[in-house]
Amino acid sequence: MQISGAEILVRSLQEEGAEYIFGYPGGAVLEIYDAIFRQNQFKHVLVRHEQAAIHAADAYSRSSDKVGIALVTSGPGATNAVTGIATAYMDSIPLVVISGQVATPAIGMDAFQEVDMVGITRPCVKHNFLVKDIKDLAETIKKAFYIAKTGRPGPVVVDIPKDVTQALAEFAYPDSVHIRSYLPVTRGHPGQIKKAVGLLMGAKRPYIYVGGGAVQGGAAAEVTELVRSLGLPCTNTLMGLGAYPGSDPQFLGMLGMHGTYEANMAMQNCDVLIAIGARFDDRVISVPEHFLSSPKKIVHIDVDPSSIAKRVKVDVPIVGDVKHVLKEMLELIRASGERPDAAALADWWQQIEAWRSRDCLLYKPSSEFIKPQSVVQALYEITGGNAIVTSDVGQHQMWAAQYYKFDRPKQWLNSGGLGTMGFGLPAAMGAQLANPDATVACITGEGSIQMNIQELSTCKQYHTPVKVISLNNRYLGMVRQWQEFFYGTRYSESYMDALPDFVKIAEAYGHVGMKIESPADVEPALREAFSAKLKERLVFMDFRTDQSENVFPMIRNGKGLDQMDLPPHMREDDAPPANRDYGNLC
Amino acid sequence: MKHILSILLENEAGALSRVVGLFSARGYNIDSLTVSTTEDPTLSRMTIVTHGSDDVIEQITKQLNKLIEVVKVIDLNESEHIERELMLIKVRATGKEREEMKRMADIFRGRIIDVTEKTYTIELTGTTEKLGAFIEAIDRAVILETVRTGASGIGRGERILKI
Ligand SMILES: Cc1cc2nc3c(=O)[nH]c(=O)nc-3n(C[C@H](O)[C@H](O)[C@H](O)COP(=O)(O)OP(=O)(O)OC[C@H]3O[C@@H](n4cnc5c(N)ncnc54)[C@H](O)[C@@H]3O)c2cc1C
Ligand SMILES: Cc1ncc(C[n+]2csc(CCOP(=O)(O)OP(=O)(O)O)c2C)c(N)n1
Ligand SMILES: [Mg+2]
């Protein structure tokens, strides 16, 4: 029997096990929306802006093991989706984004709502397709899912002209696909794996550096076994948080620009580094030359060969899937019964403990102003460390990463690579739908939340009772911090004037709003928001936080991992940063 | 250093723009690019001449391999190879210049493929350097037009690039 292209698409998505798709209708996709209306296997979530559809689908994927799916119309629908697609691309998140396109004869005619979606998204997708013939549609969808989730995951766009959705064809969904030009590796080279284990066993100051690849690759258990069984120190990148339990004593905290003192010092001073699904990002190792100026041997496990030797030359590259490679490493270690030099490791730990004892995340409590860090700490306590936490971008994001200890992978969802303000709320929505029983909190700022605040409406419609924790400092705080440090406190356009009454906004959307202004109210308010009484409600918590607070430690542009700007209690001169000479950086 | 990359890719709409887009997006250089289908109509063969440090060339090769439609990439410079480029050059050829131009074309093993009273069009193949040398050897002022294909390359001997 022949069915329409729109029906073929819907059937294909069903075949892929779609549970939710996030989207927004328009002329080019009306046929598809009609086919969606006539099925009930998956649910469609109507967002209020296409960017949010992509973030929600993205977080749906980040917080589960599924591929996120979004559907947008041609032209403005498609361009609105681009920021979301680029966000997923930078963090290697598997998505399939279906965009409508004008009918094939109209392509290139400057038709109404025509944009070259394949051209626009080319640099920010893993791959994209324009389906010109209905006969290719089912197979293209199959390929799109396959490409999105295998190898280094990423978003795939499928652009479908309206006439293709209206044409008729038989439906047959392929069981499998083979793409001769796309053969991702999974197993690492055995010789390289052996070399890696050899290096690790010879280490005096070993260090395990784990990134988003271990989260995406489902390798948290293997990472944990490696670290625990050999008694090694471990750090996670911003994207890797949760891959190794954040509350474990062998965890030194996040590393990088706003990483802990001990994590960064260990990174600089280790002699053997095992990088697991991490890409030596500039916000992590800062200046490669300085990083390498302390001699070290580096093993780099990554499924994408182009991540290896991109910023840092390594001694033992291993191209392969983290889970596979780590399993083989663990087997070798078990079989050999070898362990790194115990005395050297004990010395190394002693050094690390000395760094750790300086307590770089300490901050001065205040009875007058709410310290943003204290809100995150209280949130951690009250949610028992169990919430799925999404964040936006800015200071609040860094405090969330520093003070909430993530013990599980896929518990912390944020935009690391692109740093997209506006990610947090739609992401929380997507995560809640993927995890209906979980407590989901969105840590945000008054700047970021306003970039997708319209999604409060979607949250109402689909009953996603997320808790919005807004650390409202009345500043684009991260920008203000840089202006304080590097631009002589000239706060150019970083003050948020005329802020709305967020409580009223929450209420207008049918939610619960709370304004918290005094440190004494932080805990009780959080307890109430997370109480059984409000379990089914979205609660928007507007915390008026200390405006002058800065994120420490911080590595300035051009500085090395062991050249951090430290918080006041660790500084000898104790002068506020504004009065210190920061030179002519940034 | 100059490198000649040979790329086998799916003969599909859009594949070329992915390759070109990659070079511009990542700030790599393209000195020349040629592409055409192969004996297998589903495959295209592309030759890109680029330059950069070894690290850059390694990244370019990896990034090219990452493109879904790219089947294989080799850096011809890694071993013995043959490089050829075709140039069509139209020159003014009047009076005693006519004889001189014919002589130069012969020296460079070029062929005169079109003749008018005032012009010659010369076809020349060889390495990029040889074509450059021809241009250097003749009087700049007589050159009316040059068209170059950019280099194509192939490995010497048994070395082949195939699926
Ligand atoms: C305001 C702000 C501040 C920031 N500060 C910091 C900071 O202080 N510290 C920090 O760490 N980051 C920070 N970031 C984030 C930073 O920009 C990068 O996004 C992040 O460091 C990259 O993390 P990653 O190295 O884990 O790589 P990811 O982007 O998570 O990449 C994962 C890597 O793993 C590979 N991979 C994927 N799947 C697999 C698999 N199955 N097997 C093997 N390999 C796989 C991929 O090929 C890739 O190379 C900040 C971002 C913002 C917005
Ligand atoms: C879409 C977008 N625009 C601009 C930026 C640059 N930027 C990074 S952090 C930041 C300030 C964020 O302010 P807010 O959400 O209030 O968070 P805070 O830093 O105050 O905690 C800005 C503007 C960005 N990351 N994303
Ligand atoms: Mg703010």
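Counting only DSSP H runs of at least 4 residues, each contributing -39500 (n - 2.57), and dividing by the residue count of chain A, the helix-based mean residue ellipticity at 222 nm comes to -10500 deg cm²/dmol. Residues in the protein assembly as shown average 41 Å² of solvent-accessible surface per residue, probe 1.4 Å, ligands and nucleic acids excluded.
The count of lysine pairs in the stretch A:372-544 whose Cα atoms are under 21 Å apart, excluding pairs fewer than 8 places apart on the same chain, comes to 15.
Compute accessible area for the stretch B:48-73 by itself and then with all protein chains, 1.4 Å probe, and report residues whose area falls by 50 Å² or more. The answer is B:Gln59, B:Lys62, B:Lys66, B:Ile68 - residues whose exposure falls by at least 50 Å² when every protein chain is included. Compared with its chain on its own, the stretch A:167-210 contains the following residues whose accessible area drops by 40 Å² or more in the full protein assembly (probe 1.4 Å; ligands, DNA and RNA excluded): A:Arg180, A:Ser181.
Rounded to a whole number, what % of the accessible area of the stretch A:2-170 do carbon and sulfur atoms account for, probe 1.4 Å? Percent of accessible area from carbon and sulfur atoms in the stretch A:2-170: 51. Put simply, the stretch A:372-544 fits an ellipsoid with semi-axes of 24, 18, 16 Å; these come from the alpha carbon gyration tensor as the roots of five times its eigenvalues, largest first.
Taking one equal scatterer on every alpha-carbon of the protein assembly as shown, how large is log10 of I(q)/I(0) by Debye at q = 0.05 1/Å? The calculated log intensity ratios at q = 0.05 Å⁻¹ are -0.31.
For the stretch B:121-163, with all protein chains in place and a probe radius of 1.4 Å, 53% of the accessible heavy-atom surface sits on carbon or sulfur. Here is the interface size for A with B: some 1500 Å² of accessible area buried, both sides summed, with a 1.4 Å probe. When every alpha-carbon pair in the stretch A:237-379 is counted, what percent end up more than 26 Å apart? When every Cα pair of the stretch A:237-379 is considered, 33 percent fall beyond 26 Å.
Which entries in the list A:Lys204/A:Lys327; A:Lys204/A:Lys364; A:Lys126/A:Lys323; B:Lys2/B:Lys96 go over 27 Å, if you measure between the two C-alpha atoms of each? A:Lys204/A:Lys364; B:Lys2/B:Lys96, as the Cα separations exceed 27 Å there. Each of A:Thr121, A:Ile453, B:Asn29 was scored by the projection of its Cα onto the charge dipole of the protein assembly as shown, and the greatest displacement toward the positive side belongs to B:Asn29; charges sit on the C-beta of Lys, Arg, Asp and Glu. The accessible-area loss of the stretch A:104-129 on complex formation, taken against its chain alone with a 1.4 Å probe, reaches 40 Å² or more at A:Arg122, A:His127. The Stokes-Einstein estimate for the stretch A:2-170, based on a Kirkwood radius over Cα pairs and taken at 20 °C with 1.002 mPa s viscosity, is a diffusion coefficient of 141 µm²/s. Using a Cα-Cα cut-off of under 19 Å, which lysines could be cross-linked to A:Lys132, ignoring same-chain neighbours fewer than 8 residues away? The qualifying lysines are A:Lys142, A:Lys143, A:Lys162.
If R₀ is 60 angstrom, what is the calculated FRET efficiency for the pair A:Asn40 and A:Asp359, using the beta carbon separation as r and rounding to 0.05? Efficiency computed from Cβ-Cβ geometry: 0.60.
D for the stretch B:80-153, whole µm²/s, Stokes-Einstein with Kirkwood Rh over alpha-carbon pairs at 10 °C and 1.306 mPa s: what number? In µm²/s, the coefficient is 129.
To the nearest µm²/s, what D does Stokes-Einstein give for the stretch B:1-77 at 4 °C and 1.567 mPa s, using the Kirkwood radius over alpha carbon pairs as Rh? Intermediate values should be presented prior to the final figure.
On the way: Rh = 12.3 Å.
It diffuses with D of about 105 µm²/s by this estimate.
Within the straight-line cut-off of under 23 Å between alpha carbons, the lysines reachable from A:Lys559 are A:Lys296, A:Lys297, A:Lys310, A:Lys313, sequence neighbours fewer than 8 places apart in one chain being disregarded.
The values are calculated or read from the model by the stated rules, or taken from the named source; none is laboratory data. For clarity, every value in this text was computed on a predicted model and none was experimentally measured. All Cβ positions, glycine included, derive from the backbone under ideal geometry; neighbour counts span all protein chains shown. In case anyone asks, the SASA skips ligands and DNA or RNA and just uses the protein heavy atoms, side chains included. Shrake-Rupley method; radii C 1.70, N 1.55, O 1.52, S 1.80 Å.
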